[in-house]
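First the structure, in the form of structure tokens, and then the observations on it.
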Amino acid sequence: MDVKELFSLKGKIIVVTGGSGQYGKCLVEGLAEAGGTVITTSRDIQSAEKTAALFREKGLDVHPMEVDQGDTESVSRFAKSLQDKFGKLHVFVNNAVSRPMKGYNAPLADFDESMRVNATGMWDLLKSMSDLIIGSGGGAVINISSMMGMKGPDLTNYEGTSMGDLPPDYFFHNAGLINLTRFMAKMNSGKNIRFNCISPGGLFNNQPERFVENYNKKVPMKRMANNDDIKGLAVLLASDAGAYINGENILMDGGLNA
Ligand SMILES: NC(=O)c1ccc[n+]([C@@H]2O[C@H](COP(=O)([O-])OP(=O)(O)OC[C@H]3O[C@@H](n4cnc5c(N)ncnc54)[C@H](O)[C@@H]3O)[C@@H](O)[C@H]2O)c1
């Protein structure tokens, strides 16, 4: 097949959770620019509609839908309406994250709440979307983890800032997601579905100057990730160009952890 055809997402139905968030918007845009029909989801439909409208103005095929991954009834409703509206699913991008835990000494209840959404709820939605992809004849799942799921924190990044009080839940569930990716790839052997994971570094989002300075010093590329950096990797893993990549975790950090 021609390489441009291999990378094309034309005719593919794609769901991106947390599509109104920082990395979510980049993923929705990149996958739609590659020709996909992208469903951007949020907990509240207004937020998803705003994001979809932004990209539709640019001529991209983006549709809003509502799902709260911490609520199993919402997950079931979403799976049903997705099927009713689009008939099938080819790609699921598992990107949403809830951040209820604000620091090392945060209450245990905040850790519990994080697991409710980022572990139990995430699994509920991942399983449901994977089943839908398998029922549609096959496709791909892309889990979005973090370099923080692969390494302990580099506290020197936070020197001179008030950002160094890091929550443990984020390191825990992101690390779990990387191995869950491998588990899913093996468990779904023979079903024409691939599971891969992207572990990005920090996305530039006007963080405090001192943090950006500390961080950039250590990155061989001398910058944080920009809005385009994740697009190509997501398209590769979603498309036939990535047809033989399965069970993999790809670190995308500009060489920071090399
Ligand atoms: N931003 C970064 O610098 C960075 C770096 C590395 C990895 N990541 C990873 O990228 C992914 C997205 O992170 P982000 O920084 O863009 O997050 P974000 O906070 O900007 O967006 C997350 C989205 O998830 C949604 N969400 C929260 N709870 C939800 C629920 N119960 N149901 C449905 N949606 C819910 C939020 O509304 C939000 O739109 C995460 O997996 C994160 O670990 C981000």
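Laboratory data are not the source of any read-out in this text; all were calculated from the coordinates shown. Because the structure is a prediction, the values reported are computed rather than measured. Glycine also receives a Cβ, built like all others from the backbone with ideal geometry; neighbour counts cover every protein chain displayed.
Under a model in which nothing but the beta-carbon of Lys, Arg (+1) and Asp, Glu (-1) is charged, the range 41-154 shows a dipole of about 280 debye around its Cα centre. For the chain, excluding the exposed loop sites themselves (chymotrypsin sites (Phe, Trp or Tyr not before Pro), DSSP loop, at most 10 other Cβ atoms within 10 Å), the longest remaining stretch covers 105-243.
Loop sites here are trypsin sites (Lys or Arg not before Pro) outside DSSP states H, G, I, E and B with no more than 16 other Cβ atoms within 10 Å. The longest part of the chain free of them is 103-150. Computing FRET efficiency as 1/(1 + (r/R0)^6) for Lys217 and Asn179, where r is the C-beta to C-beta distance and R0 is 30 Å, gives about 0.45. When all alpha carbon pairs of the range 19-80 are counted in 5 Å bins from zero, the resulting P(r) reads 4, 22, 29, 23, 14, 7, 1 %. Among residues other than Asn118 with Cβ under 12 Å from its Cβ, the summed charge is -3 (Lys and Arg +1, Asp and Glu -1). Less than 5 angstrom separates the built amide H of Ala140 from those of Val91, Phe92, Arg194, all sequence-distant by 5 or more or on a different chain.
From the P(r) of the chain, can you give the percent of Cα pairs sitting at distances over 22 Å?
Values: 18124 of 33153 pairs.
In whole percent, the long-distance tail amounts to 55.
In the chain, taking the dipole from charged Cβ atoms about the Cα centre, the farthest positive-side position among Met122, Asn196, Gly160 is held by Asn196.
Expected output is a single nm value to one decimal: the length gained when fully extending between Asn226 and Arg210, i.e. 0.36 nm times separation in residues minus the C-alpha distance. What is it? Display every interim value, and only then the final one.
On the way: separation 16, 0.36 × 16 = 5.76 nm, distance 1.80 nm.
Full-extension gain reported as 4.0 nm.
Return the whole-Å distance between the Cα centroid of the range 148-199 and the Cα centroid of the range 90-116. Measuring centre to centre over Cα atoms gives 12 Å. Counting only Cβ charges, +1 for Lys and Arg and -1 for Asp and Glu, the dipole size of the chain around its Cα centre is about 500 debye.
When the GluC sites (Glu not before Pro) in the range 40-124 are filtered for DSSP coil states and for at most 10 other beta-carbon atoms within 10 Å of their beta-carbon, the remaining sites are Glu57.
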